[in-house]
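The structure appears below as structure tokens.
The values are calculated or read from the model by the stated rules, or taken from the named source; none is laboratory data. Model, not experiment: these values are computed from the prediction. No Cβ is skipped: glycine too gets one built from the backbone with ideal geometry, and neighbour counts run over all protein chains shown.
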Amino acid sequence: MNNISLLVIAGTFLLGAVSTLVIGWYVSILFGTNKIVKAKNKANEILENAEKESKNLKREKELEIKDEWIKLKQQLERETKIKRLETERIEKNLSLKESNIDRKADFLSKKEREISAYENDLKERDKHLTERRKRLDQLVEEQNIQLEKIAQLTSEEAKRILMNNLLEKAKLEAAKTVKEVKEEAKITAKREAQKVILSAIQRSAADHSAETTVSVVTLPNEEMKGRIIGREGRNIRSFELASGIQIVIDDTPEAVVLSGFDPLRREIAKMALEKLIADGRIHPGRIEEAVEKAKTEMEEIIVEAGEQALMELGINKVHSELIKLLGKLKYRTSYGQNVLKHSIEVAQLAGLMAAELDLDATLAKRAGLLHDIGKAIDKYTQGTHVQIGIELAKKYNEHPVVINAIASHHEDEPVISPISVLVQAADSISGSRPGARRETLESYIKRLVRLEEVATSFEGVVNSYAIQAGREIRVMVEPSEIDDIKAFKLAQDIAEKIEADMEYPGQIKVTVIRELRAIDYAK
């Protein structure tokens, strides 16, 4: 009985243990299956996310490649446009050069025709002189025969008398001929010189603009004026102290005025103020930085302007310091005329005239460009611009002809080369162009009044009128006192007195008008 109970208890315990093991095994299988399912779902999710990310990356790369392609295309179009514009400019320059060559060829052909006509005229004149010489020989023979008959002289005595007579006559004829040739040579030389100068002027057209002592800076709004002034005016004081230029703030809408007599400082101040306005941060420290940066940029602009002038004229091998000084001339004026533009124009005119006269055109351009280089030096340097220019040219080993052109373009020293004379002429032409230079209204009126007073100071003058901005004076005379011959003499006398008593740019034309009116009435 006890054994049976023990067996039953043992069997029951064994059955419970087996059931527990079966249930545990089943539960473990169930949980393992869930984990596998979850892992598969997680893997599928990761794969889907990876696929989406790869698609996004692919789309982004495609967009980047497309943007890069568009940028490269735009850059290529810009470069193509620049190349096309450069090609058009080169073609235009070539066309202009061809046109100039054609005009020069026509001018040379015309000159050859004139020389040929002049040679033919000389041949005709020589033929005429030969005929006259034969006629004189015939008259001499006739006179010899008559003298022998009348005077009953020996042949030697008669020959001596005839020789003396003929010698005096020949001297008179020769003097007359020499005078005619000289007069004709003067007229021809003057005409040819005028042609050369006119050709150079016509081929070198230049624009002129009046320089002022103020620059206007545009503002984005009226509020900016207050920011420029700053608290208790500290900004405007700092700016004027750093730049040396005065800021004028008035009622002009959205604008301020920079005032100063130094164009270079004024331009630096304008650049600095425009940078400050664009940046928006305006305070004393920032102002000093902007002015210093503008000065640095101005140095680059100056060098670029000097190099551009040399490139325009085809001049090379110029010292770097002279290039900087040439660039400074862009911000210098003389009687309202920009000195750099004036120097370039003088160089072009001198080069054109030198080419017409078979001289060294490149050297003439160099001399014309550097003739006013002394004006680039600061005003506190001792000496005239001519003396300073000579020292600079010698310092940087310029050609002796260039140095002489600088020294003699105001006739301070004698010329040693025809190129120096051409630079003088080109300087006068450039300075006397209408609109090239200006003078104050008061001095202008005084000059015109003085011009009329000089003309009316001569006897027989009724009235005089200065016209063409003082470049011509027309003189009305009393016809009963001044005849035609005296009118020519009066015009010459008035011109000489104007040259002696007055200073004026260019030349003044004197025109004497003599008019006689005879009036009667039929009754």
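Checked against the criterion of being out of contact with any Cys (no Cβ under 9 Å at 6 or more places or on another chain), of a type outside the set (S, T, N, Q) and within 21 Å of Met298 (Cα to Cα), the stretch 344-357 contains one or more residues that satisfy it. Applying the set (1) within 33 Å of the chain's Cα centre (by Cα); (2) more than 27 Å from Ala354 (Cβ to Cβ) to Leu94 leaves exactly one unmet item: (2).
Each row is one residue, and each column tells you yes or no for (1) at pLDDT 80 or above; (2) under 60 Å from the mean Cα position of the chain (by Cα).
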{"residue": "Ser5", "(1), (2)": "no, no"}
{"residue": "Val27", "(1), (2)": "no, no"}
{"residue": "Lys42", "(1), (2)": "yes, no"}
{"residue": "Arg59", "(1), (2)": "yes, yes"}
{"residue": "Gln75", "(1), (2)": "yes, yes"}
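Number of residues in the stretch 454-475 that are modelled with pLDDT of 90 or more, assigned to a helix (DSSP H, G or I) and either among the basic types (Lys, Arg) or more than 14 Å from Ile513 (Cα to Cα) (or both): the value is 1. The residues listed here are Lys509, Lys486, Lys497; of these, the one that is surrounded by 12 or more Cβ atoms within 10 Å (Cβ to Cβ), under 34 Å from the mean Cα position of the chain (by Cα) and farther than 13 Å from Arg447 by Cα is Lys509.
Any residue that is of a type in the set (Val, Ile, Thr), part of a loop (DSSP other than H, G, I, E, B) and either buried (at least 17 other Cβ atoms within 10 Å of the Cβ) or out of contact with any helix residue (DSSP H, G or I) (no Cβ under 9 Å at 6 or more places or on another chain) (or both) - is there at least one of those in the stretch 253-263?
Filtering the stretch 253-263 down to residues of a type in the set (Val, Ile, Thr) leaves 256-257.
The next check asks that each one be part of a loop (DSSP other than H, G, I, E, B); those that pass are none.
No, the stretch 253-263 contains no residue that is of a type in the set (Val, Ile, Thr), part of a loop (DSSP other than H, G, I, E, B) and either buried (at least 17 other Cβ atoms within 10 Å of the Cβ) or out of contact with any helix residue (DSSP H, G or I) (no Cβ under 9 Å at 6 or more places or on another chain) (or both).
Scanning the stretch 220-242 for residues that are under 39 Å from the mean Cα position of the chain (by Cα) and not in a helix (DSSP H, G or I) yields Pro220, Asn221, Glu222.
Please verify whether Arg281 is outside any helix (DSSP H, G or I) and basic (Lys, Arg), treating the condition exactly as stated. Here the answer is yes, as Arg281 does meet what is asked.
Does the stretch 423-432 contain at least one residue that is among the hydroxyl-bearing types (Ser, Thr, Tyr) and either in contact with a Pro (Cβ under 7 Å, 6 or more places away or on another chain) or in a loop (DSSP other than H, G, I, E, B) (or both)? Yes, the stretch 423-432 has at least one match. Per this entry, Lys295 is not counted among residues that are out of contact with any Lys or Arg (no Cβ under 7 Å at 6 or more places or on another chain), surrounded by 18 or more Cβ atoms within 10 Å (Cβ to Cβ), assigned to a helix (DSSP H, G or I) and touching a residue at least 24 places away in the same chain (Cβ under 8 Å).
Is one or more of the residues making up the stretch 321-343 touching a Phe, Trp or Tyr at 6+ places or on another chain (Cβ under 6 Å), surrounded by fewer than 21 Cβ atoms within 10 Å (Cβ to Cβ) and not in a helix (DSSP H, G or I)? Give the steps one after another, and end with the answer.
If we filter the stretch 321-343 for residues that are touching a Phe, Trp or Tyr at 6+ places or on another chain (Cβ under 6 Å), which is where we start, we get 322.
Now drop any that are not surrounded by fewer than 21 Cβ atoms within 10 Å (Cβ to Cβ), which leaves 322.
Applying the additional criterion that residues be not in a helix (DSSP H, G or I) yields none.
Among the residues of the stretch 321-343, not one is touching a Phe, Trp or Tyr at 6+ places or on another chain (Cβ under 6 Å), surrounded by fewer than 21 Cβ atoms within 10 Å (Cβ to Cβ) and not in a helix (DSSP H, G or I), which makes the answer no.
Figure legend. Inter-residue proximity from the stretch 228-246: first residues in contact (Cβ under 8 Å) with a residue 60 or more places away in the chain, second residues among the acidic types (Asp, Glu), beta-carbon distance below 9 Å, spacing 6+ or different chains. No pairs are indicated.
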